[in-house]
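The structure appears below as structure tokens.
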Amino acid sequence: MAPFELKIQPPQTNYSPLPSFYFPLPAVPPQAAPSAPAQTAPPPVVAPPTPPSSTSSTSPAPPPTASPDSLVVQLPVSQQGGLHIQQIISQPPQSGVPQHATSQSDTVQSDIIQDTTTGVDIAEVDTAVLDAQPSRKRAASEANASQPELKKTKTGTQQSASADGDFLKDTQGKFISFGEPEIWAEQRQQLCETLHHYRAHEAGVYQKNRIAYGLYIDAGVSPKDYFDNDIIITTLGGGKAKDDNGQVQRVRDHAIVGRNDTAFRNSVEKLQTILVIVGKKNTNCPVKLKHNFNILGHYHITAMWYDKSDTCCWMVKLQRVDTTTQPWYSIKGSTHTSLPLSVAPSQVCESCSQSTEQIYEEEWFCMTPGCTSYFKRGGVKIDARDYHYSQAFLSARSQFMGEVPVAVAPYLPDVTAGTPFTEAVINNFKQGFVCSVCGCCGRQKHWKHWACENEHCGATFPLRHEPMSIDEAKSEPEGRLKRQKDFSKLFTPIDQHMEGAYEVTKYSFPDEDGSIIGFVAVYKSTDKVNRHKNGADGLFTELSTMEEGDFHLERKAARAAGSIVEKLTQQFTRNYGATYKFIVRTESQSFSTAPDPILRVLKRCTWASEQAVNRHGGLYEVPNELLALGYTQSGEMGWHDDGEKTVGQTVASMSLGGRSTMHFRPKATTTLFGPPKRTGVKSPILQFTLEHGDMMVMHGSDIQKLYEHCVYSYGKRRYALTCRTMIFDKMVAEEEKQHAMESGTIPDHAEEFNYDGDADLATGVKPASKSKAVRKTGKAVQA
Ligand SMILES: O=C(O)CCC(=O)C(=O)O
Ligand SMILES: [Fe+2]
């Protein structure tokens, strides 16, 4: 192993690592031990924090509400029962005496529920406790009265051995929960679009700028994981692979400084809470969970250590920020008791001088990775695979000293009131809301209304899109301007000319032999053209103010429709004319009922594509389909091609509102712009900007075969309206063909929207026609 000092240098982190890999963290022992016997309930948790244990002296467990000869410690909630049980330590720890020595020799500090060596059964314990603490009598006896039979697992957790007692179980043997999650979701995207602290579409840990904010735990519970009302101990992800039986197993050690542990360490340093979400496949959670994603609430990190079983892995101990209330995920019928602030005993390692809390009941040893005594006793390796967490460790409680986020997620205002709220508010909430009726995290699926995604709820809410000036639509929130590197124009424009009032830049696309297979032409509009009657300004305003029934944009499933990992497109879409099924299955609205602005855009794109194709000398096909896209804030359409088999040669689009950048790159497997790549992607070769009123024509089916494109949208609101030609003869199903032909027929009244390119508005300054070869293909290209 490399020297420890070298390993602790975190790669390019903005935050210095904490001095030790193991933190007692800002554990808060109670204020000075009261002199009176412990006859009253513990005081509310108000004690100020104390610094982490000194590295130069041992830190005996501070006595929470100690009595001179009988120390009563409330143990943590049981694994299954959500119950607090009581433990008697017959002798309080002596100041200056290493606590592990005490616990080895003269204490009865072990799990009293099960520990046969003490000869104390649970009833005796409670009698003793209750005698000493009359004021706690009722709560404790209630807890006991409903205590299920418990057995201890190897990490010190208590598991229910029976389904008895007053506790309700469902048919699968899981306990019924005391309450219901206030916030939940069935699909990961619902969660990621709604919560501030969990936006991890793939991973279990959500981190941003190397700070952890959220944690999702589901199946894949490790033997040393632990779960009770207040404490969760979990293994940080990574280093797992499927074994021969298809079971996911840990196969590799975690790096001593890895991604997740660094993020958690930074969270500690930044006093950041961790939002914990539990999936219904988590076998450690004692109660039945109804949803795929159940939000437990805010926790804080109270310990982290580099554990060693078959492999080495980072473990984290999280404590509920507010332990005073009974959590919804405790067992129905159980009683929750808030434990007093305390820390577990710790010792300083003689080899590395680092202080380590005693985690395992069996013994203390150094847990500082890199230390010569790490997981060793007297130089001999310790096998802690079957060790149990010590009760003092599990019952330690510390006060969170940071700021607790006021809300886990934005709630939709009272949906029953029906008052729409503004786009500014919508944008603040990104795209998701928690339904104020049922608590389901919901994505904004519809452009102008919000509908709860819980099919049993049905709550809806209007979202008002305020009238917006073009300038406002174009304005970009801070921090969004530099989203993309500016790819140098490897792809030299080969032709610039005027077409009507538009300055056109045409880029010819080569195939692998250097022959031209098509082009992309950008039609640059002007303010004059945009302001002109029925121009881009008017079209933008009309589309923005149309009733939802006339212009109903919605987000459709782009991936894994209906599943837990379903992903909706970022854009809101609506298909007009012949059915276009590429990328997203959309229902199409016939052109005969399409609103006028849609037909006007269709006619403008028709003009642009006709001019471009005729000039180029290709087969011109009249568009019979229009896909309208709406973007709120910035968004993107990822890399794709438009090559569906029923689509014709030409694609033409018009942009309204915010600007966008369109990018092209060769497909990885082509020999274009460099040798084919078996893995990875090729770099973009062309990028241009489309502004309000600009149009784009892309012609040549082979472009779709050899290249792909993506679009980044900016500004507060943007519409992209893209027209294509569906080739009816390529449609196999007769029904589909008939439907496409009918809905793609352009109504007679659209004649009045025919467009001539506003030639009369042209500035008269013609750009000099340029003609250059495309570089980098190795072959010259003629225009
Ligand atoms: O302009 C846009 O936003 C995306 C257009 C596009 O690539 C498409 O609709 O396929
Ligand atoms: Fe496209």
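Can you tell me how much longer the chain between Arg252 and Ala668 gets when fully stretched, taken as 0.36 nm per residue apart minus their C-alpha distance, in nm with one decimal?
Difference between extended and current length: 146.5 nm.
Which of Lys645/Lys682; Lys280/Lys376; Lys169/Lys567; Lys281/Lys567; Lys281/Lys317; Lys445/Lys677 have a Cα-Cα distance over 28 Å?
Lys280/Lys376; Lys169/Lys567; Lys445/Lys677
Could you tell me which trypsin sites (Lys or Arg not before Pro) in segment 517-590 are loop residues by DSSP with no more than 10 other beta carbons within 10 angstrom of their beta carbon?
Here the sparse-neighbourhood loop sites are Lys533.
Between Lys208 and Lys533, what is 0.36 nm times their sequence separation minus the Cα-Cα distance? Round to one decimal in nm. Could you put the intermediate results ahead of the total?
Numbers: separation 325, 0.36 × 325 = 117.00 nm, distance 4.73 nm.
Computed gain between Lys208 and Lys533 is 112.3 nm.
How much of the accessible area of segment 364-415, in percent, comes from carbon and sulfur atoms when a 1.4 Å probe is used?
Answer for segment 364-415 is 53 percent, counting heavy atoms of protein chains only.
What is the local net charge at Ile598, summed over the other residues whose Cβ is closer than 13 Å to its Cβ (Lys, Arg +1; Asp, Glu -1)?
Working: positive: Arg574, Arg600, Lys603, Arg604; negative: Glu542, Asp550, Asp596, Glu625.
Around Ile598, the surrounding residues sum to 0.
May I ask you to give the average projected area over all directions of the convex hull of the Cα atoms of segment 259-373, in nm² rounded to one decimal?
Average projection, Cα convex hull of segment 259-373: 9.5 nm².
Glu512 versus Val622, label points 7 Å from Cα toward the beta carbon: distance in nm?
With each label point 7 Å from Cα toward Cβ, the separation is 3.9 nm.
Can you grab the distance from the C-alpha centre of segment 239-272 to the C-alpha centre of segment 680-713, Å, no decimals?
39
May I ask you to compute the full-extension gain from Glu736 to Glu751, defined as 0.36 nm times their residue separation minus their alpha-carbon distance, rounded to one decimal in nm?
Separation in residues times 0.36 nm, less the Cα-Cα distance, equals 2.8 nm.
How much solvent-accessible surface does Lys474 expose, in Å² to the nearest 10, with a 1.4 Å probe and all protein chains in place?
80
Hey, how many Å between the Cα centroid of segment 195-212 and the Cα centroid of segment 300-340?
Comparing the Cα centres of segment 195-212 and segment 300-340, I get a distance of 20 Å.
Provide His739, His336 ordered by accessible surface of protein heavy atoms (probe 1.4 Å), highest first.
So, going from the largest accessible area down, we get His739, His336.
In square angstrom, what is the accessible area per residue of segment 565-690 with a 1.4 angstrom probe?
Each residue of segment 565-690 exposes 34 Å² on average to a 1.4 Å probe.
Measuring from label point to label point, each 7 Å out along Cα→Cβ, what is the Gln172 to Val681 span in nm?
A separation of 3.8 nm, rounded to one decimal place.
The values are calculated or read from the model by the stated rules, or taken from the named source; none is laboratory data. On a predicted model such as this, the values are computed, not experimentally measured, just so you know. We place every Cβ from the backbone using ideal geometry, glycine too, and count neighbours over all the protein chains shown. To get the accessible areas, we keep the full protein, side chains included, count just its heavy atoms, and leave off ligands, DNA and RNA. Shrake-Rupley method; radii C 1.70, N 1.55, O 1.52, S 1.80 Å.
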